[in-house]
Structures are given as C-alpha cells and as structure tokens.
Amino acid sequence: MAHRIQKALVTGGAGFIGSHIAETLSGQGVETVVLDDLSSGKMANLDGFKDRITFVKGDIRDMETVKSAAAGCDLVFHEAAFVSVPASVRDPVLSAGINEIGTLTVLEGARSVGVKRVVLAASSAVYGDPETVPITEEARKRPTSPYAVQKLTLEFYADLYNELYGMETVCLRYFNVYGPRQDPSSPYSGVISIFSAKAGAKERPLIYGDGNQFRDFIFVSDVVRANLIAAGHEDAPGHIFNIGTGRRTSVNELWERIATISGAAGIEPEYEPAREGDIYASLAEVQKAESILGFKAKISLDEGLKRTLAWYQGLA
Ligand code: UD1
C-alpha cells in the first residue's frame, strides 16, 4: 500500500482535500510533489509541512508543467479542479477547460512519463437528485450542473486510460467532505465550514428549506485513507467507488450538533426558502468500497466536528 509509493504528485495539493493527502503522504516518507495554480488553493494550507514537499505553481492545462511535475512519480492523485458548482453554472466553458481538458492533460502527462496509477477525485454530484437512497455506484446519473457533467466526463476519461492505454486509474466519488482547511468564505462553501464559522462567532446560521434535507458527511482524514488504499490496492484499477460513510445527517441535526459541541446551543437558526437546484437527499451506499478495498469510514460525525471546530477556533 502506501509504503510502496516512492514518489507521488498531488494536483490541487494546496487545496482543501489535496493538502491533506500531501501532508499524509509526505509524513509517511513519500517524496511528494504538489502542483497547484493557487486559484482556489492556498499556500497557508501547506503550513507545517512545506519543507517536506516540492511545490510547483502551475496550471494543470499546461502539458509541460504536468509532465515535469509528474516525472519520476509512480502515482498521481488528481484533486485539482474548478470546484464551485454555482460558478460552473455561470462559466461552463472556463470550468470545462479546467475539469475536462485539465484532467485529460493530467492523464496524458502522467501516461507519457510512465506513471503507474492515477487516483482521481470524482463527485457524488454526478447522481443529481437520486431516485432512492442509499445511492449505489450504478444508480442513474443525472448531472444537474456543468460541474457534474465535467466530473462524469473525468470518469469516462479515466476509464479510457485504464482500458485503452493500460495506465491504472481509480475514481473516488466523494460525498460531502468536511474538515480543517475547508474555506467558509463563500455562501456556496460547504455547510459544515459555514456553520462552524457561525458557531464560533455565536451568530445565527441560515438554513435553506425546512432543514430536513440530508447528506452523507465524511471527514477529510477518511477521504485521505480512501485515496491511499485506492493507490495501493491491486483490485482498485478500473473501478469507481462511492466514498461516504453510509450515515445520513439532516441540516437541522447538523446545526444542533455543531451548536452543542461549540457551546452555541440555544442559538436558533434562521430559515429561508430552499436554494434553487438544491438536492434533498444524498447518502452513499458504501458496500463496494468496503468489499473491494476494505475501506470503511472511521471518524464519527461528532469526532470529525470536534476536530473541525477546533481548527476554526484556532483561526479566529
Ligand atoms: C455538495 C458539494 C457540491 C456537489 C454536491 C453533490 C460542497 C460545498 N458542495 O453540495 O460541490 O456538487 O454536494 O451532491 O461540498 N445549507 C444551509 N445553509 C448554509 C449552507 C448550506 O442550509 O449556510 C444547506 C444546503 O441548502 C444543502 C445542505 O446544506 O441542503 C448542504 O449544502 P452544501 O454543503 O453546499 O453541499 P451540497 O448542496 O450537498
């Protein structure tokens, strides 16, 4: 598994999820290269382990940049993306350039320098509003944004590189990932980052809709572990896996827990009409990752929230 990795590239390694992957890899003695154009990633996310990695500021759409960053690597973790769903609605062409051509450039660059395996960040966004939950990997794909179409395209390219070119690829469809370093600053940031910032400031949160909509929230360290297993497992290539916990949490329950843990209990949320295009239900069927990879999320929501809140408090 991870101990067999000599050198790895993390695209988007200065971002939320990518920086946690880079931190873990470099902490395990893997020679780690981070490629990031800092469009949404931040150098501050590398604080504490900067000296253990090689940082390359560059764009994944640039083939030469990708090739030189991937040179000598046996593995690539592709986390770089145009990450905002609403911004992809406003600018489908720009986001497709990054999420589609950028991904293709990473795959092709990796292949051309002899990388053995690429693990790619896919998204539960590909399911759209599901007919039933939990959602299996085979469920109908109903992308409802350019971002979701682009992540589905990423999966097709990954599969093609596995089948046609014989470069091993694994796609991980992340559900709602949360944890330290998730940026709370936009209204479209992950709900846990927003609620954590609100709880810290003892402000009332906004809940869109009745708050009974639910998600499958997975802590970032579990996502890192899923990546490391996918990187090393001999049965992983050619597969797509849901990466979630299999547990549902409503937005109302989420606020109650965050408020309780952070000593903001009693602060009542404000309610506004549901966001346009909001999904009501999202919950991963996690059987496939468990049976093939032996992966199971370990961090309970309360434990993950405690670690996340501690981090946001440290920022304040
Ligand atoms: C998430 C992803 C999105 C992905 C989608 C796939 C994030 C930030 N977004 O969207 O990229 O396409 O999963 O299904 O991870 N909410 C509030 N108050 C707030 C903020 C949010 O009530 O201040 C509610 C939202 O209306 C939503 C829920 O919380 O019902 C979760 O919102 P959010 O964290 O943005 O995630 P998704 O909508 O699941």
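Where a number appears in this text, it was derived from the coordinates with a stated rule and is not lab data. Just so we're clear, the structure is a prediction, and the values are computed from it rather than from any experiment. Here the Cβ positions follow ideal geometry from the backbone for every residue, glycine too, while neighbour counts run over all protein chains shown.
The C-alpha atoms of the chain define a longest principal axis, and helix 102-112 lies at about 30 degrees to it. Its alpha carbons give the chain an Rg and a Dmax of 18.7, 57 Å.
A simple count of charges around Thr54, restricted to other residues whose Cβ falls under 12 Å of its Cβ and scoring Lys, Arg +1 and Asp, Glu -1, yields +1. Evaluating 6.51 cos²θ - 1.76 cosθ + 1.60 at θ = phi - 60° for every residue in region 55-71, the Karplus couplings come out as 9, 10, 8, x, 9, 5, 7, 9, 4, 5, 4, 4, 4, 6, 5, 8, 4 Hz, glycine and proline recorded as x.
Each part gets one Cα centre, and for region 70-92 versus region 224-286 those centres are 20 Å apart.
Quote the relative contact order of the chain in percent (integer), defining contacts as alpha-carbon pairs under 8 Å separated by 6+ residues.
This gives 17 percent for the chain.
Computed from phi, the 3J(HN,Hα) profile of region 288-301 under the Karplus parametrisation 6.51, -1.76, 1.60 (θ = phi - 60°) reads 5, 5, 6, 6, 8, 9, x, 8, 9, 5, 10, 7, 5, 4 Hz, with x in place of Gly and Pro. Cross-link pairs exceeding 31 Å in C-alpha to C-alpha distance, out of Lys67/Lys198; Lys57/Lys202; Lys42/Lys202; Lys67/Lys296; Lys42/Lys306, comprise Lys67/Lys198; Lys57/Lys202; Lys67/Lys296. Could you pull out every residue, at least 5 positions away or on a different chain, whose amide H is within less than 5 Å of the one on Gln28? Hs are placed 1.01 Å off N in the peptide plane, and Pro or chain starts have none. Under 5 Å from the amide H of Gln28 lies no amide H from a residue far enough along the sequence or on another chain. Each residue of region 95-242 gets 132 Å³ once the volume of the Cα convex hull is shared out per residue. Applying the Karplus relation 6.51 cos²θ - 1.76 cosθ + 1.60 with θ = phi - 60° to region 198-209 yields 3J(HN,Hα) values of 5, 4, x, 8, 6, 9, 6, x, 9, 10, 8, x Hz, where x marks Gly and Pro. Net charge of the neighbourhood of Ala121, taken over other residues with C-beta under 12 Å away and scored Lys/Arg +1, Asp/Glu -1, is 0. For region 1-81, averaging the sequence separation of C-alpha pairs within contact (under 8 Å, six or more residues apart) and dividing by the residue count gives a relative contact order of 40 percent. In the chain, helices alone account for a calculated mean residue ellipticity at 222 nm of -10500 deg cm²/dmol, with every DSSP H run of four or more residues adding -39,500 (n - 2.57).
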